[in-house]
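These notes are about the structure you will find just below.
The values are calculated or read from the model by the stated rules, or taken from the named source; none is laboratory data. Fair warning: this is a prediction, and the values are worked out from it, not measured in the lab. Quick reminder, even Gly has a Cβ in these numbers, built from the backbone with ideal geometry, and neighbours come from all protein chains shown. Protein only, heavy atoms only, side chains kept; ligands, DNA and RNA dropped before computing areas. Shrake-Rupley method; radii C 1.70, N 1.55, O 1.52, S 1.80 Å.
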Amino acid sequence: MAKRSIHWFRKGLRIHDNPSLIAACENAVDVKPIFILDPWFSENGNVGINRWRFLLQTLLDLDANLKKINSRLFVIKGKPQEVLIDLFKKWNITTLTYELDTEPYAKLRDADVDDLARECGVEVIRCVSHTLYDTKRIVDKNGGSAPLTYKRLQTVVSMLGLPPKPVAEPSKCPTAVSMNHDQHYGVPDLKSLHKNPNECGPCLFPGGETEALSRLDRMMKKTNWVCTFEKPKTEPNSLQPSTTVLSPYLKFGCLSARTMYHRLHEIYKQNKKHTAPPVSLEGQLLWREFFYTVGSVTPNFDQMVDNPICIQIPWDTNVEFLAAWKQGRTGYPFIDAIMTQLREEGWIHHLARHAVACFLTRGDLYISWEEGKKVFEEYLLDADWSLNAANWMWLSASSFFYQYFRVYSPIAFGKKTDKDGSYIRKYLPVLKNMPTQYIYEPWTAPLKVQEKAGCIIGKDYPKPIVEHDKIRPINIQRMAQAYKNRPDKSCSGETKGKGQKRKPELKTEERNSKKAKTTSKTNKKITDFMKEGK
């Protein structure tokens, strides 16, 4: 029987380094590359307008690139299980290929599809290409559990060797296409999806593989910048991005992580002096790998309750505070400018994410990280299930990071890299005429100064919804109590895999003594940070 394939695009929206697309094309007489607009994401997902635009731009670019290899993209609306079983019969399909997805919904969906394919006599080929390594290999190499620290992840992947090199793109993909293809299978626009294009912000980062590869090339040509890159030293409030902004392209798979990794590896080989993980560009790809791996095997990874690695913290519920934070009207210009940029442009610097996440959770508002995760999921172009959940747990000191007393100041932090407040003036034009000495704390400006600046605090721009210096020590103590009340089997410790050495058991007196010393050190750190007002 002649081979007739469907290649199912989900993530991995690219032609380069796409082994499952290669598998679909190999010895096939006909290949149908499809993308299914799954209603589940509209009903259960939290996808904002800017990300919808990015996705549709990406699909248009993917269709254009498929044309170059004698193919087209078929966009179909419907539940994947129903769509595919219909297409198996309609197109006499013998083979289904797709890229492996580790998210919970995807796992359940793909298991259903695999069963249906088997019943229809369709061979299923899955390939790993969204991550550097097969996350299952990492878990297996770690003794059957995910590494719960970045350092352990580094140790495990070093045992696996370099990630596989990217595969070449197919030179030809034979696809039979009808004359009215666009009418039946063309990429829809926002209006046809009942989305209002007028709600989109400026298109600073166009979607698609073409832009992804172009952006990668521009970055890799800056060899010195690549070799000296240290993520903590980049600026959260620069008017132009101080990092690569490749994350949206990695999220949708417009750019292969393996392609980026090996481009970096070649540069590093030719330049002995370069930064290293965790702060280097290679280190950022390993952070992605780390969170993907932990997320792939941790039950309820995107929530607090029943999440085995998450500390259970009795967060407050405050609808008004949450809305003020989301809408950028907390009364703290640095926080509000960041949230405005997020809402309008769909991207903010990672340190800006740190600042607003800390403010929402343990720093000021004491609202659950799950609420912040939902807002980022809606607004971010690069909203990624594993990374979004992991970063919110980290920044709320619920997992991965446990120095809950290290709180970002919503006033002092932004001043370090933008003393004049240019970033605030750009995203909060109501404050554009406020004198520099008051730009981060406009409520401290005398009324005459406010009147001259054309911005009356409490009328034109809100007063702070909380007093940071008063609420910070209260929240630190609440976090300390939550840590104190957690079960003895701490979720902060790393699970030990096979081949990992365990520390010898301590006698009761030694344990108590060690615990007392640790508690004393922690209390001293808390006191020091509260005095410093960090």
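Relative to the longest principal axis of the Cα atoms of the chain, the long axis of helix 49-67 lies at roughly 30 degrees. Of the trypsin sites (Lys or Arg not before Pro) found in the stretch 382-447, those that fall in a DSSP loop while having at most 12 other beta-carbon atoms within 10 Å are LYS416, LYS419.
Length gained on full extension, TYR402 to LYS151: 88.8 nm, using 0.36 nm per residue less the C-alpha separation. Accessible surface calculations at 1.4 Å, restricted to protein heavy atoms, place the chain at 47 Å² per residue. Of the accessible area of the chain, computed with a 1.4 Å probe over protein heavy atoms only, carbon and sulfur atoms account for 52 percent.
Simple point charges give the picture: +1 on the Cβ of Lys and Arg, -1 on the Cβ of Asp and Glu, and for the stretch 253-387 a dipole about the Cα centre of about 680 debye.
Beyond a 29 Å Cα-Cα separation, which of these cross-linked pairs lie in this structure: LYS67/LYS222; LYS222/LYS374; LYS251/LYS415; LYS195/LYS374; LYS195/LYS231; LYS415/LYS448? Over 29 Å Cα-Cα: LYS67/LYS222; LYS222/LYS374; LYS251/LYS415; LYS195/LYS231.
Across the stretch 20-26, computed HN-Hα scalar couplings (Karplus, 6.51 cos²θ - 1.76 cosθ + 1.60, θ = phi - 60°) run 6, 5, 4, 5, 5, 7, 4 Hz from first to last residue, x flagging Gly and Pro.
In a reduced charge model with +1 at each Lys and Arg Cβ and -1 at each Asp and Glu Cβ, the stretch 184-277 shows a dipole moment near 440 debye about its Cα centre. Put a dot 7 Å past the Cα of LYS67, heading toward its Cβ, do the same for ASP114, and the two dots end up 3.7 nm apart. Remark: relative contact order (the chain) = 17 percent; criterion is Cα-Cα distance under 8 angstrom and separation of 6 or more residues. Residue pairs exceeding 32 angstrom between C-alpha atoms, taken from LYS136/LYS484; LYS77/LYS373; LYS68/LYS89: LYS136/LYS484. Computed from Cα atoms, the angle from the helix 508-532 axis to the main principal axis of the chain rounds to 80 degrees. Compared with the alpha-carbon gap, the fully stretched path from GLN183 to ILE474 is longer by 98.7 nm at 0.36 nm per residue. Taking the C-alpha atoms only, the angle from helix 104-119 to the longest principal axis of the chain is near 10 degrees.
In this calculation the C-beta distance from THR444 to GLU43 is compared with R0 = 51 Å, giving a FRET efficiency of 0.65.
Please label the shape of the stretch 295-387 as rounded, prolate or oblate, based on the square roots a ≥ b ≥ c of the eigenvalues of the alpha-carbon gyration tensor (a/c under 1.5 means rounded; beyond that, a/b larger than b/c means prolate, else oblate). Numbers along the way, then the final one.
On the way: a/c = 2.24, a/b = 1.35, b/c = 1.66.
Here the stretch 295-387 falls in the oblate category.
Can you grab the distance from the C-alpha centre of the stretch 349-423 to the C-alpha centre of the stretch 204-255, Å, no decimals? Cα centroid of the stretch 349-423 versus Cα centroid of the stretch 204-255: 21 Å apart.
Which one of PHE9, LEU193, VAL83 is farthest out on the positive end of the charge dipole of the chain, using unit charges on Cβ (Lys, Arg +1; Asp, Glu -1) and the Cα centre as origin? The residue sitting farthest along the positive end of the dipole is PHE9.
About the Cα centre of the chain, how large is the charge dipole given +1 on each Lys and Arg Cβ and -1 on each Asp and Glu Cβ? Please answer in debye to the nearest 20.
Working: 80 positive and 60 negative charges, 422 e Å.
Around 2020 debye, computed over the chain.
One Cα centroid belongs to the stretch 439-457, the other to the stretch 88-159; the line between them spans 56 Å. A simple spin-label model places pseudo-atoms 7 Å from Cα toward Cβ; at LEU190 and GLU320 they are separated by 3.3 nm. Per-residue SASA remark: ASP61, around 30 Å² accessible (1.4 Å probe; ligands, DNA and RNA not included). Restriction of the trypsin sites (Lys or Arg not before Pro) in the stretch 133-174 to DSSP coil positions whose beta-carbon has at most 14 other beta-carbons within 10 angstrom yields LYS172.
For every helix of n ≥ 4 consecutive DSSP H residues, a contribution of -39,500 (n - 2.57) applies; sum these over the chain, divide by its total residues, and give [θ] at 222 nm rounded to the nearest 500 deg cm²/dmol. Intermediate results must be reported in sequence, preceding the final value.
Working: 23 runs with 247 residues, N = 534.
For the chain, the value works out to -14000 deg cm²/dmol.
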